[in-house]
Amino acid sequence: MIFANRLDFFLDDSSGVLAEARRTISIDSILKKALPDGLFARAGRMSEGVLKIHADNPGTAFRLKQISPSLLEKLKAGGIPVQSLKIAVTVRNPQKARRNEKQGMGETGLDSFRELADSLDDSPLKSSIETLLHNLRKKGGDRENRG
């Protein structure tokens, strides 16, 4: 009985949280249909006719701002009582973004640089390529050091 009372407490929507979540999910569904192919964004909170749209990166945010007039019309046609849009860059997984920035060179690129260095006579270019390969090996960018 105690568990049922706790469950009722969480399911009680006197605060309106559940209704707001359902509203956001509904708006997000309409937003996804209104966006052009290849453009991804998430609906955020809507307050006083202003819908916040979250983009994963600045490029997507820029594109959303460019198409915001037509997007606004599509959202209105979808039954959303929106007056204006606020576009925000919100990175969903910052650790993943950081990890992507630190990726080493691919195996094909490393192999190509090795072949190039092996084919060159001693020169500043060969020395630079060998330094590059050495630095990539230290950072784990070489397949022999990948785990």
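Testing the spin-label approximation: label points 7 Å from Cα along Cα→Cβ at GLU130 and ALA77. State their distance in nm.
Placing both labels 7 Å beyond Cα along the Cβ direction yields 6.5 nm.
How charged is the neighbourhood of HIS54? Take every other residue with its Cβ under 11 Å from the Cβ of HIS54, and add Lys/Arg as +1 and Asp/Glu as -1.
+3
Cβ under 12 Å from ALA34's Cβ, ALA34 left aside: what net charge do those residues give with Lys, Arg +1 and Asp, Glu -1?
Summing Lys/Arg as +1 and Asp/Glu as -1 gives +1.
List the lysines whose Cα lies under 24 Å from the Cα of LYS126, skipping any in the same chain that are fewer than 8 positions away.
Those lysines meeting the cut-off are LYS138, LYS139.
A short reminder: the numbers here are calculations on the coordinates, not readings from a lab. Keep in mind the model is a prediction, meaning the values are calculated, not measured. A quick note on method: Cβ atoms are made from the backbone with ideal geometry, for glycine too, and the neighbour counts reach across all protein chains shown.
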